[in-house]
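What follows is a set of notes on a single structure, which appears directly below.
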Amino acid sequence: MDPFPDPLAAEPVVLTGIRIGYARISTREQKLDRQPDALTAAGCRRIFADTESGRTDERPELKTCHAFLNPGDSLVVSSLDRYGRSLQDLVTMVADLRRREIGFTSLHERLDTTPGGRLVFPVFAALAEFIRELIVAGTREGLAAARARGRVGGPARVWSTPT
């Protein structure tokens, strides 16, 4: 078996029509509702959801989701940034799906593993990574500016007086 298969190889010869969804939120302040709603509307029979940061690969529901998928199934995600942490991470995971003869669809970017989707996948994956890096850089700059003014970043603290 080729250790570096073409991550953008053609769809499996036989698709089962079974669509399995994966959703992820990064913080407790985020709401998960929107992603499962979109995945259900896209025809997903089952949805796995993580509430872990994308910075870590310790996403138990993603591992369970990958183990659940069978050849001919399709994994559906709401957007690339909810699925992978970086361009390399996305390419590696989609390549693994392809090797297992599992389809892939990203709803927001309207990407799948059809010929047209394979053509633009690297561009959208790189853009998703770029946008994530811009958000991280902006957050760091904002926290540094707040510290320079004597403020500490994070949620506002609520002080209560004993009664």
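The values are calculated or read from the model by the stated rules, or taken from the named source; none is laboratory data. None of these values were measured; they are calculated from a predicted model. Note that we place each Cβ from the backbone using ideal geometry, even for glycine, and neighbour counts take in every protein chain shown.
Within the option set F104, F48, F121, being at pLDDT below 75, among the hydrophobic types (A, V, I, L, M, F, W, C) and touching a strand residue (DSSP E or B) at 6+ places or on another chain (Cβ under 6 Å) holds for one residue only, F121.
Pairs linking a residue in segment 31-43 that is free of Cβ contacts under 8 Å to residues at least 60 places away in the same chain and under 10 Å from G21 (Cα atoms) to a residue that is of a type in the set (S, T, Y) and assigned to a loop (DSSP other than H, G, I, E, B), with Cβ atoms under 7 Å and 6 or more positions apart or on different chains, are Q35/S78.
In segment 32-54, of all residues being outside any strand (DSSP E or B) and of a type in the set (V, I, T), the one that is surrounded by the fewest Cβ atoms within 10 Å (Cβ to Cβ) corresponds to T40.
Close contacts from segment 126-142, counting a first residue that is closer than 9 Å to S86 by Cα and a second that is not aliphatic (A, V, I, L, M) and not in a helix (DSSP H, G or I), with Cβ to Cβ under 7 Å and a gap of 6+ residues or different chains, come to E129/S86. I want to confirm something. Restricting to segment 107-118 and keeping residues that are within 15 Å of L39 (Cα to Cα) and not charged (D, E, K, R), which single residue is modelled with the lowest pLDDT? My answer is L111. Taking the criterion of being at pLDDT below 85 and polar (S, T, N, Q), the residues of segment 56-91 that qualify are T56, S86, Q88.
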